[in-house]
Amino acid sequence: MSAKKGQWVQIHSIVLKPEERAPQVPEDTRKTPLVMWVKGYLNADAEIGAECEITTVTGRTVRGLLDEVEPAYAHSFGSYIPELSEVRQQVKKLLGV
Amino acid sequence: MSRKNEIMKKSIGIDYSAYETGGIAFDYEKMMSETGYALEEINEIQSSVSVGNTPVIELRNITALARKMSKTEQAARIFIKDEACNPSGSFKARRAACAVYHAKKLGYKGVLTATSGNYGAAVASQAAMQGLKCIVVQETYDSRKVGQPEILEKQRACEAMGAEVIQLSVGPELFYAFLTLLEETGYFNASLYTPFGIAGVETLGAEIASQFMAKHGRYPDAVLVTHAGGGNVTGTARGLIKAGAKDACVIGVSVDLSGLHMASDQAFNRKSFTTGHTGFGIPFATWPDRSDVPRNAARSLRYLDRYLLVKQGEVFYMTEALAALEGLERGPAGNTSLTAAFALAQEMKDGQIIVVQETEYTGAGKHHMPQLTFARENGIEVKFGEPDAEVPGASIVLPSCPSMIKLRDFDLNKARKSYIKNCLANYNVKEVSDADVKFLAEEIKADTEFVKKVIKELEA
């Protein structure tokens, strides 16, 4: 997949490699790099995974690997949680309302 | 990073060395008065951007439920300060209003803040209102690029208000990235822990005092404050004192996440609260100067009369009860102190007054339903039972009956001792002067005899 110049994208870069991580970092985290994601408008056409350059909303120029094109917000209200319905009924019943 | 102090000085405009007195001590009140703002000034700044003056709501049905559950059939009246009414949906707008105002006054072009919490949206909102650029640095994802729904929602809110959001994977080295950005942009460090940030919360305490005096002819008996980095406790308590409510008991409340390592990639998404929990509350109370400024203006042990812990499942239960019984749908993290208030009220008498000093907005991601969904997806067991059986990172236990929501005191003397120990270790002190003893006593709201006794114990 490719993205066009001017499209809203998310890029990522490695800030610290696993071997560069701080000594106080727990073992599981130390096995992973410190990754940074930034969003902005693509400065030239690029392929997903390829090195590219963006301009952020504050006007910074940032380089990184192209991650997502027009990234959407996917968080939601989640699934139905039966326990919460039970809580609702319980508190009303306890107060007789 | 060797240039840390230089970058900090340039990005905050405070020469912290002016308040150092040598040894452990520094002049806290001098720092607060010279670099902060007077209560009246803060009122003016906040009013000009529609921050503060939030309503107080009496939770009559929650109080009635507390009386039903109470062994004495008595319970204090519970009130809530509806801070969700602030422009960005939380009390953090108060801190942000002052930080952004100050940045603009000093001529900075933009503000930068490191936070995964409500403060990000607050700074973004204020930067939009006051016409500055804004960058928010968030710890967002684990190594699978999976993020807490609550943090993802805060990302959305910040971006909606025009901020650039920089996201990082788990780890304390976020601070390194933050410093690099401060240096690159020359923006103001809108830290949560500067004197102006804390002064911004003082109006919250002062409003509580004046609202209760005006309507009830008296100050509240207890004010419950969710405790994370300590700024909420510090600012609220200072405001209460300044407005005359010196005897109101100031109680901090955190969600018990003991056992979960905050910098662990695997544990990162096994918690359902991203703030207001013991992972911030205890380290910050016992060593405030771990923050992103040389001297943290948030020093909760100076003000805390009591520190209570609640469980994740209990807070989710109360969040549902607040919506069902009071018609107030608010975010779960903001209901941390409400949960403790429900149990504390039952230790008190009918005529007494408890104030829960905040609420926060709710919405997709920032809601107990997606939080519980996310917990289940990450292998956390969600069930009814005895709240004390909850194991952070493994289970969330909703109380089978609201009578099971209870008070768990975190021993403040233990926190005080720990603070003294941290001071001696971090300053590598060989001999503690009388001035240091006096300072330490003020820092932990104890007498000098207590401090001397602890130092002797530590030396032994």
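The values are calculated or read from the model by the stated rules, or taken from the named source; none is laboratory data. In this text, all values refer to a predicted model and were calculated from it rather than measured experimentally. Neighbour counts are summed over all protein chains in view; Cβ atoms, including those assigned to glycine, are modelled from backbone coordinates with ideal geometry. For the accessible areas, the whole protein counts, side chains as well, though only heavy atoms, and no ligand, DNA or RNA atoms are used. Shrake-Rupley method; radii C 1.70, N 1.55, O 1.52, S 1.80 Å.
The set of residues in the range B:192-231 being open to solvent by 20 Å² or more (accessible area, probe 1.4 Å), in contact with a helix residue (DSSP H, G or I) (Cβ under 6 Å, 6 or more places away or on another chain) and of a type in the set (Asp, Glu) is empty. Of all residue pairs spaced 6 or more apart or on separate chains, those with beta-carbon atoms under 6 Å, a first member in the range A:21-38 that is more than 7 Å from every other protein chain (Cβ to nearest Cβ) and a second member that is open to solvent by less than 30 Å² (accessible area, probe 1.4 Å) are A:ARG30/A:ARG21. For the range B:125-168, enumerate the residues that are basic (Lys, Arg) and either in contact with a helix residue (DSSP H, G or I) (Cβ under 6 Å, 6 or more places away or on another chain) or more than 7 Å from chain A (Cβ to nearest Cβ) (or both). Residues satisfying the conditions are B:ARG144, B:LYS145, B:LYS154. Taken as a whole, the range B:370-381 holds no residue that is in contact with a helix residue (DSSP H, G or I) (Cβ under 8 Å, 6 or more places away or on another chain), away from chain A (no Cβ under 12 Å) and assigned to a helix (DSSP H, G or I). Scanning the range B:319-349 for residues that are assigned to a helix (DSSP H, G or I) and either free of Cβ contacts under 8 Å to residues at least 60 places away in the same chain or polar (S, T, N, Q) (or both) returns B:THR319, B:GLU320, B:ALA323, B:ALA324, B:ASN335, B:THR336, B:SER337, B:THR339. Scanning the range B:411-421 for residues that are touching an Asp or Glu at 6+ places or on another chain (Cβ under 9 Å) and open to solvent by less than 40 Å² (accessible area, probe 1.4 Å) turns up B:LEU412, B:ARG416, B:TYR419, B:ILE420. Does at least one position in the range B:437-447 carry a residue that is surrounded by 16 or more Cβ atoms within 10 Å (Cβ to Cβ) and within 14 Å of chain A (Cβ to nearest Cβ)? For the range B:437-447, residues surrounded by 16 or more Cβ atoms within 10 Å (Cβ to Cβ) and within 14 Å of chain A (Cβ to nearest Cβ): absent.
Of the helices (runs of 4 or more DSSP H) lying entirely inside the range B:119-238, the ones with 3 or more residues being touching an Asp or Glu at 6+ places or on another chain (Cβ under 9 Å) are found at B:174-185, B:195-216. The conditions of being over 21 Å from B:SER169 (Cβ atoms) and more than 14 Å from every other protein chain (Cβ to nearest Cβ) are not met by B:GLY259. A count restricted to the range B:125-155 and to residues that are among the basic types (Lys, Arg) and under 19 Å from B:SER272 (Cβ atoms) stands at 2. Condition first: within 30 Å of B:ALA128 (Cβ to Cβ) and touching a strand residue (DSSP E or B) at 6+ places or on another chain (Cβ under 6 Å). Can you find one or more residues in the range B:55-63 that meet it? Checking the range B:55-63: at least one residue is within 30 Å of B:ALA128 (Cβ to Cβ) and touching a strand residue (DSSP E or B) at 6+ places or on another chain (Cβ under 6 Å). Applying the condition of being part of a loop (DSSP other than H, G, I, E, B), under 22 Å from B:LEU344 (Cα atoms) and open to solvent by less than 20 Å² (accessible area, probe 1.4 Å) to the range B:283-318 and asking which residue is farthest from the other protein chains (Cβ to nearest Cβ) yields B:LEU304. For the range A:39-86, residues that are facing chain B (nearest Cβ under 7 Å), surrounded by fewer than 17 Cβ atoms within 10 Å (Cβ to Cβ) and more than 29 Å from B:PRO370 (Cβ to Cβ) total 0. Note on the range B:319-366: among residues that are open to solvent by less than 10 Å² (accessible area, probe 1.4 Å), within 14 Å of chain A (Cβ to nearest Cβ) and over 20 Å from A:VAL91 (Cβ atoms), the one that is farthest from the chain's Cα centre (by Cα) is B:GLY365.
Evaluation of B:GLY279 against the conditions (1) in contact with a Leu (Cβ under 7 Å, 6 or more places away or on another chain); (2) free of Cβ contacts under 8 Å to residues at least 24 places away in the same chain; (3) outside any helix (DSSP H, G or I) shows that the sole unmet condition is (3).
Of the residues making up the range B:35-48, those that are more than 23 Å from the chain's Cα centre (by Cα) and either in contact (Cβ under 8 Å) with a residue 12 or more places away in the chain or in a loop (DSSP other than H, G, I, E, B) (or both) number 0.
Taking the criterion of being under 15 Å from B:ALA199 (Cβ atoms) and open to solvent by less than 10 Å² (accessible area, probe 1.4 Å), the residues of the range B:46-57 that qualify are B:GLN46, B:VAL51. Could we say that B:GLU377 is farther than 30 Å from B:LEU240 by Cα and either within 22 Å of the chain's Cα centre (by Cα) or of a type in the set (D, E, K, R) (or both) here? Against the criterion (farther than 30 Å from B:LEU240 by Cα and either within 22 Å of the chain's Cα centre (by Cα) or of a type in the set (D, E, K, R) (or both)), B:GLU377 qualifies. Please work out if B:GLY117 is crowded, with 20+ Cβ neighbours inside 10 Å and either touching a strand residue (DSSP E or B) at 6+ places or on another chain (Cβ under 7 Å) or not basic (Lys, Arg) (or both). Against the criterion (crowded, with 20+ Cβ neighbours inside 10 Å and either touching a strand residue (DSSP E or B) at 6+ places or on another chain (Cβ under 7 Å) or not basic (Lys, Arg) (or both)), B:GLY117 qualifies. Pairs are defined by a Cβ separation below 7 Å, a sequence spacing of at least 6 or placement on different chains, a first member in the range A:62-83 that is without any contact (Cβ under 8 Å) to a residue 40 or more places away in the chain, and a second member that is among the β-branched types (Val, Ile, Thr) and in a strand (DSSP E or B); the pairs so defined are A:GLU83/B:VAL382.
Can you pull out every residue in the range B:169-191 that is over 22 Å from A:GLY40 (Cβ atoms), more than 20 Å from the chain's Cα centre (by Cα) and either open to solvent by 10 Å² or more (accessible area, probe 1.4 Å) or more than 11 Å from every other protein chain (Cβ to nearest Cβ) (or both)? The answer is B:GLU173, and nothing else.
Inside the range B:391-410, can you point out the residues that are touching a strand residue (DSSP E or B) at 6+ places or on another chain (Cβ under 9 Å), hydroxyl-bearing (Ser, Thr, Tyr) and over 12 Å from B:LYS311 (Cα atoms)? Passing the criteria: only B:SER400.
The set of residues in the range B:375-390 that are more than 10 Å from B:LYS311 (Cβ to Cβ) and hydrophobic (A, V, I, L, M, F, W, C) comprises B:ALA375, B:ILE380, B:VAL382, B:PHE384.
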